[in-house]
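The values are calculated or read from the model by the stated rules, or taken from the named source; none is laboratory data. Small disclaimer: the values here were computed from a predicted structure and weren't measured. In this analysis, Cβ positions are derived from the backbone assuming ideal geometry, glycine residues included, and neighbour counts consider all displayed protein chains. Ligands, DNA and RNA are stripped out before the accessible areas are found, and what is left, the full protein with its side chains, is counted by its heavy atoms. Shrake-Rupley method; radii C 1.70, N 1.55, O 1.52, S 1.80 Å.
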Amino acid sequence: ELKDNTVIVVLGASGDLAKKKTYPALFNLYKDGLLPKDVHVVGYARTKMDDAEYHKRITSYIKGTEDPETAKKLEEFKGLASYISGGYEDAPSFQNLNNHIEKIESSYEDKERNRLFYLALPPSVFIPVAQHLKEECYSKGGKNRIIIEKPFGKDLESSRQLLGALKRYWSENETFRIDHYLGKEMVKNLLVLRFANVALSAGWDKNSISNVQITFKEPFGTEGRGGYFDEFGIIRDVLQNHLLQVLSILTMERPVSFSAEDIRDEKVKVLRAIPPIERNDTLLGQYVAANGKPGYLDDDTVPHNSVCPTFAATTLWIHNPRWEGVPFILKAGKALNEAKVEIRIQYKDVTQGIFKDISRNELVIRIQPSEAVYLKLNTKLPGLNMRAVTTEMDLTYKRRFADAKIHEAYESLILDALKGDHSNFVRDDELDVAWKIFTPILHWIDGKNGPSPKPVPYPYGSRGPKELDAFIAKYGYVRTETGYAWPVTHVS
Ligand code: BG6
């Protein structure tokens, strides 16, 4: 439940993440009356700036202010948002922050004092900040919670080191590790889709399903973030966290309840049945200049000979009775032809005999943009004939839930953290097993035990490496008859 008397402290308040995600999410929650009563927001960072400059920065990504009601709320929000500058590695700075928080709290009527610390910071300062917050800024009379974001290390070993160091100061129960995909509407819907529908759950296994793809496509490159990206690559940036999270919810067994631990127990269980990814189940790509757009290596912040993948397709296998033999293809790429994140479940061929050349059923769950669930289904073409055509059962949110408000992932997650609900945050053992699956291929790509593999080139704005179609076909994916296209264009 939501606690009153809460101060939210955003560390790294002048950075990109805070500006683009954290503050807009906090403001939207505030505007909708969803934050605790008497909430205050304190920004903290090294940059020296006055309140006016701070307010300008934190509101630069807030939308909808042409509406007078929103503009009024924004003024109110600024009134409860203050700023303190200080270092990340020295105790006196944090004592100063603590004094500021205490001054705010002195206006609270009763004694309870809750604090939520949001670390929108680079990983190099995670540990000192976590330590100083615990030692100097920990509330003695209320809940203390800390939110952190990836990167949680670079491989199994560094992740264990980081988590171990943080655990010296913050317990698992106080820690909220964000994977913002868990806050997305359609990802949260997976539990309902899967477990509230006998029609779907009955065929949810190797007997009915041929292969599954989970795809992430972005139409822009790493422009401006090349320096960060080159150290991590697309696998650490998207596959090991966002896509693997989707996979685990898609494939786990039914949890005993909706409690955070019951759900996360099942996720960990299915992830433990996945062996480390094999090199030959991997296709790596890097985009090159095309159509007037720069290639990855044209970025000045990227080493000229970098072999960092900006595209990866990897196939995972789950060794349990439900999924043995079903390939799960995770693929993600920057600088592709479109923005799209979707799950595509392709069913097996119908028994041949009365039909031939009939399309396979496919269940597509579109996470973004424009949430949708549709099932490709064969139907008799109406008329005096007996011809089957592929059509679809279509649940497009914009049509079916035209008036619904879909909150941003960060809004949903910050609210969960304020309520103390861990369901949509990454547990320590979950992170550990996720790294186990990916660490061997990451070490191979990093050149830890021999020369690094060279990613294949693909043009900026294309569908990805030309090798991709053959890669997917190798795992049994069959492209639908030509001429079928889901008629989605008129509902965007
Ligand atoms: C982040 C990655 O975690 O997710 C980015 O670091 C990526 O590279 C982003 O662009 C995608 O998030 P979304 O919500 O826009 O799909």
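Counting only protein heavy atoms and using a 1.4 Å probe, the accessible area of TYR477 comes to about 30 Å². Summarising the amide proton neighbourhood of SER210: residues at separation of 5 or more, or on other chains, whose placed amide H is nearer than 5 Å comprise GLN346, TYR347, LYS348. TRP204 sits with roughly 10 Å² accessible to a 1.4 Å probe, with DNA, RNA and ligands left out of the calculation. Taking amide H as placed 1.01 Å from N in the peptide plane, the amide H of GLU392 sits under 5 Å from that of LEU377, each at least 5 places away or on another chain. In plain terms, the C-alpha convex hull of segment 334-492 casts an average shadow of 15.2 nm² when viewed from every direction. Phi-derived couplings, Karplus 6.51 cos²θ - 1.76 cosθ + 1.60 at θ = phi - 60°, listed residue by residue for segment 142-156: x, 7, 10, 9, 10, 10, 10, 10, 4, x, 8, x, 10, 6, 4 Hz, with x used for Gly and Pro. Largest accessible area first, the residues MET386, MET49, MET393 order themselves as MET386, MET393, MET49 under a 1.4 Å probe with ligands, DNA and RNA left out. Converting phi to 3J(HN,Hα) with the Karplus coefficients 6.51, -1.76 and 1.60 and the offset θ = phi - 60°, segment 31-37 yields 4, 7, x, 9, 7, x, 4 Hz in sequence order, with x at every glycine or proline. Across ASP298, ASP469, ASP155, the residue with the most accessible area heads the list, and the full order at a 1.4 Å probe is ASP298, ASP469, ASP155. Karplus-derived 3J(HN,Hα) values for segment 201-216, using 6.51 cos²θ - 1.76 cosθ + 1.60 with θ = phi - 60°, are 5, 4, x, 8, 6, 5, 6, 10, 9, 8, 7, 10, 10, 10, 10, 10 Hz; glycine and proline are entered as x. Computed on the chain, with alpha-carbon pairs under 8 angstrom and 6+ residues apart, the relative contact order is 17 percent. Separation of the alpha carbons by more than 31 angstrom is noted, of LYS334/LYS356; LYS3/LYS150; LYS72/LYS140, for LYS334/LYS356; LYS72/LYS140.
Between the Cα long axis of helix 409-419 and the first principal axis of the chain there is an angle of about 50°, rounded to the nearest 10.
Label segment 136-277 by shape, choosing from rounded, prolate and oblate, from the square roots a ≥ b ≥ c of the eigenvalues of the Cα gyration tensor; if a/c is under 1.5 it is rounded, and otherwise prolate applies when a/b is larger than b/c, oblate when it is not. The shape class here is oblate. Normalising the average separation of contacting C-alpha pairs (under 8 angstrom, six or more residues apart) by the number of residues puts the relative contact order of segment 1-156 at 30 percent.
The calculated Kirkwood hydrodynamic radius for the chain is 24.5 Å, given to one decimal from all distinct C-alpha pairs.
Could you pull out the longest piece of the chain with no exposed loop GluC sites (Glu not before Pro) in it, calling a site exposed if DSSP puts it outside H, G, I, E, B and it has at most 16 other Cβ atoms within 10 Å? With a cap of 16 other Cβ atoms within 10 Å, the longest stretch comes to 339-466. Remark: the chain carries 45 Å² of accessible area per residue (probe radius 1.4 Å; ligands, DNA and RNA excluded). The C-alpha atoms of the chain define a longest principal axis, and helix 126-136 lies at about 40 degrees to it. Separation of the alpha carbons by more than 29 angstrom is noted, of LYS405/LYS474; LYS184/LYS448; LYS21/LYS134; LYS267/LYS466; LYS48/LYS78, for LYS405/LYS474; LYS184/LYS448; LYS267/LYS466. For VAL341, the residues 5 or more places off, or on other chains, whose built amide H falls under 5 Å of its own are LYS217, ILE367, GLN368. Each of SER210, LEU381, VAL187 was scored by the projection of its Cα onto the charge dipole of the chain, and the greatest displacement toward the positive side belongs to LEU381; charges sit on the C-beta of Lys, Arg, Asp and Glu. For the chain, the longest principal axis of the Cα atoms and the long axis of helix 185-195 meet at an angle of about 60 degrees. What the pair-distance distribution of segment 385-460 shows, using all Cα-Cα distances binned every 5 Å from zero, is 3, 10, 8, 8, 9, 10, 13, 15, 12, 7, 4, 1, 0 percent. Heavy-atom surface analysis with a 1.4 Å probe gives the chain a carbon and sulfur content of 52 percent of its accessible area.
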